[in-house]
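To start, the structure itself, in structure tokens.
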Amino acid sequence: MCCYNQKSRYNRRCHFCARPCTCFCQRWGGPPGPQGPQGIQGEKGESGHDGQQGPQGERGETGPQNILSGMQIQMTENSGTIIKQDDVFIFDDIILELDPNITYNSASGEFTIHKPGNYAIHWWLNVDGAEGLSGTAQASILVDGELHSSSLSPVTTGQFSGHSLITVTTTPKVITLANTTSGAMRLSNLPMQGGFLIYS
């Protein structure tokens, strides 16, 4: 049995046999054993406090603005005018002209679109008789001379209207409003005979 020496971990020589001591003192225990298996993971600890707020980033660029633009025009100089079948209605008084990509020819009644996009059209007419079949009046939007949409009204004395949505992919595109009744149409004697609005 080895004797404990305060100056070293184990005695260099045994007090009993004076031989070099190769064993560890009982105070220090035996040599380290093999590493045991890993234990079960413990419970997750509490979350730490939130850190300080970082500096404010740079301001981004302003996004695109969705603002309507177009043209509004009315008809005031065709009181009592008879519009023959397939003739184009002529508007004469521009109220608003906000889009440089939409132009109007007051001699031909043609609206020309110079930029691709989606365009909405609203129109109305004051009529005083039409020679349509079964007493009807009809007006149509034409795109490059081809029928795009029509409005048929059983009321031949009074106001009737129509709406269209046009997708323009190639330019220019020419838009007109024509009398597509099967006969002539007479405009009313009111100060305003019609109106036309096109916008995108």
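Between residue 161 and residue 61, the C-beta separation translates, for a Förster distance of 25 Å, into a calculated FRET efficiency of about 0.05. Segment residue 82..residue 174, full-extension length gain: 30.8 nm, with 0.36 nm per residue of separation and the alpha-carbon distance subtracted. Report note on the peptides 164-173, 67-76: ranked by the mean count of other C-beta atoms within 10 Å, highest first, their order is 67-76, 164-173. Accessible area per residue for segment 52-200, computed on protein heavy atoms with a 1.4 Å probe, is 58 Å².
A Förster radius of 41 Å combined with the Cβ-Cβ distance from residue 93 to residue 133 puts the calculated FRET efficiency at roughly 0.80. The heavy atoms of residue 77 offer some 140 square angstrom of accessible surface to a 1.4 angstrom probe. Of the accessible area of segment 52-200, with the probe set at 1.4 angstrom, what percent is carbon plus sulfur? Percent of accessible area from carbon and sulfur atoms in segment 52-200: 50.
Accessible area per residue (1.4 Å probe, heavy atoms of protein chains only) ranks 119, 199 as 199, 119, with the largest value leading.
The values are calculated or read from the model by the stated rules, or taken from the named source; none is laboratory data. From a predicted model like this one, the values you see are computed outputs, not experimental measurements. Every residue, glycine among them, receives a Cβ derived from its backbone with ideal geometry; neighbour counts consider all protein chains shown. Note: areas computed on protein heavy atoms with side chains; ligands, DNA, RNA excluded. Shrake-Rupley method; radii C 1.70, N 1.55, O 1.52, S 1.80 Å.
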